[in-house]
Amino acid sequence: IFFISLPQFLIPFQMSGQEFMVLEVPHHCDTSWIRAVGPNLTEEEQLNLTLPRGADGAYEQCRRYSPVDWDLDSIRTYGLNATEECRSGWVYPAGQPPSLLTEFDLVCERKDLKDISQSIYMAGLLLGAIIFGALSDRFGRRLTFLLCIFIQGLSGVGAALAPHLYVYMAFRCVLGAAVSGILITSLSLATEWVGASSRPKAVLISHCFSAVGQMALAGVSYGLRNWRLLEIAGNAPLFALFFYIWVLPESARWLVTKGRIEEAKKVLQKAASFNKRTIPPELLEQLKAEKQSDSGGILDLFRNKQLRKVTLIMSLTWFADGLVYYGLSFNVTSFGLDIYLTQLAFGAVELPARLSCIFLLEWFGRKKTQAVFLLLSGLLCLTITGIPEDQPVVVTVLAIIGKFTATASFSSSYVYTAELFPTVIRQTGTGLCSMSARVAGIIAPLIRLLEEFHHAIPMAVFGSPPVLVGLLCFLLPETRGNELADNTGAAIPQPRSKNLEEMSKKDLTEDGADLKKDI
């Protein structure tokens, strides 16, 4: 669990790091053309002669007066009237650390490229869910996890060295695919290596590393204003995990489903040895190869009626999770308060949100916890739409609470999904659900563009689907305390009846020796 958690510490640097690379800075059109006729002009005189002013009296940031072939005296006497876009680029404050915005001129008519770039990264997450979910089911969790770590480190450093915006976007797409692979393979490794009572702990402890990474991002981005250094800081440390090749074990449960019984015995014996335990030989002999009739393909998710219902509802759940979670995360610059403090608060609430799920999932069950948190996150977003823009503190507080419920909902989905799908198609099912969240992540930055029509529209869009899908979650089966199903024939594991548990206890009391032998 510790090994699969370490890479998740850096994932917030990929998810939200770009928001700190495109912070708005003062800018205006490059008007150096006038220096040819007025080389001794002061900067203020140059701007006054070449830039129009807005209604507030400030210089326009995205337009300039069209260049003319007049001498300086004629320009001063008659002035300039015709305006045009910034055809020669923009000028930014001197001494400004290089940012993604200033280096690639993501301002004025190019400002939408910021959100498009974020959407391309989320498209990479979608591709990763498609590619690495299937690869993990076919070639193993361990190999896919190691491959994704290497790809993330390589593409992250490549993005930091990108000479052009479109090269940067291409590397970010590959980076997103690798991050998606890490997320879904670590989920399967965590759930398949522990028993039913420890599954929430295993999954959510790894998520807590992500919450700590959210807080670390606020500090690192505050100290590293150079976007290339920030990109390297969020990816290069992965190369230090090369030793995983020798220490990270494969899922014994996956090995059994593939008929690789001897390999499964070896990893189980290694785990027992590490924990200073011994496995009785007769117990190991009970490991039997699963029937190979289960193909474990994506179509298996829809052949069984129960699995079909679970697949559809959980896909919608992940979509709603992604929409509200990424919608709040990507809007960290829009709530009116300091972005670094807001990011720190967002990270700080994620930690208790994920930790609380460990207990809430056991106390109230998976279904109720999932549904309630999803409903609350949607309702909070809808509440924000009614808050005036001149109340940034109120908006930020509601957004932070919304981030808490959205994070808890997302964490619940990871645990719930891993328990609902059988082992042979767990990665495929999780990958399909993850695809839904990534589609939401792709459109979340684009929804922000609707602010041009009304500031409340994005939050209304982010909040509506979670409310509707939260109600659908009550149709799902409860999985608390159930053993994981291994094949599609087992479908969804049903809760054990109370009478059966009482009978088992009675039998154990009356004939404990025979029952132990049978086991």
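Taking packing as the residue-averaged number of other Cβ atoms within 10 angstrom, the listed peptides 97-104, 261-268, 400-407 run from highest to lowest as 400-407, 97-104, 261-268. Once the Cα atoms of helix 261-274 and of the chain are each reduced to a long axis, what angle between those two axes, in degrees from 0 to 90 to the nearest 10, is obtained? So the inclination is approximately 80 degrees. Cysteines in the chain that lack a partner Cβ within the 4.7 Å cut-off: Cys148, Cys173, Cys208, Cys357, Cys381, Cys433, Cys473.
Taking all Cα pairs closer than 8 Å and separated by 6 or more residues, the relative contact order of segment 143-207 comes to 32 percent. Each residue of segment 376-392 was assigned a 3J(HN,Hα) from its phi angle through the Karplus expression (A = 6.51, B = -1.76, C = 1.60, θ = phi - 60°), giving 5, 5, x, 5, 5, 5, 5, 5, 4, 4, x, 8, x, 5, 8, 10, x Hz with x at Gly and Pro. Peptides 466-478, 36-48, 4-16, 139-151 ranked from most to least packed give 4-16, 139-151, 466-478, 36-48, packing being the mean of other C-beta atoms within 10 angstrom over each peptide's residues. The label point for Phe2 and the one for Ala55, both projected 7 Å from the Cα toward the Cβ, are 6.1 nm apart.
Between helix 165-192 and the chain there is an angle of about 20 degrees, using the helix long axis and the longest principal axis of the Cα atoms. Of the whole protein surface, Arg448 contributes about 30 Å² of accessible area at a 1.4 Å probe radius. Axis angle, to the nearest 10 degrees, between helix 305-330 and the longest C-alpha principal axis of the chain: 30 degrees. Accessible area per residue for the chain is 45 Å², calculated with a 1.4 Å probe on protein heavy atoms, without ligands, DNA or RNA.
When Lys and Arg each count +1 and Asp and Glu each count -1, what net charge do the other residues less than 11 Å away from Val37, Cβ to Cβ, add up to?
Once all neighbours under 11 Å are counted, the net charge is -1.
Modelled label positions at Phe239 and Thr385, each set 7 Å beyond Cα in the direction of Cβ, lie 4.8 nm from each other.
Just the protein heavy atoms count here, and of the accessible area of the chain at 1.4 Å, carbon and sulfur take up 63 percent. Across the chain, the mean sequence separation of Cα contacts (distance under 8 Å, 6 or more residues apart), normalised by length, yields a relative contact order of 19 percent.
Give, as a single signed number, the net charge of other residues whose beta carbon lies under 14 Å from the beta carbon of Leu375, with Lys and Arg counted +1 and Asp and Glu -1. Value of the local net charge: +1.
The values are calculated or read from the model by the stated rules, or taken from the named source; none is laboratory data. Keep in mind that this is a model prediction, so the values were computed, not measured. Every residue, glycine among them, receives a Cβ derived from its backbone with ideal geometry; neighbour counts consider all protein chains shown. When the accessible area is computed, the model is the full protein with side chains, heavy atoms only, and any ligands, DNA or RNA have been set aside. Shrake-Rupley method; radii C 1.70, N 1.55, O 1.52, S 1.80 Å.
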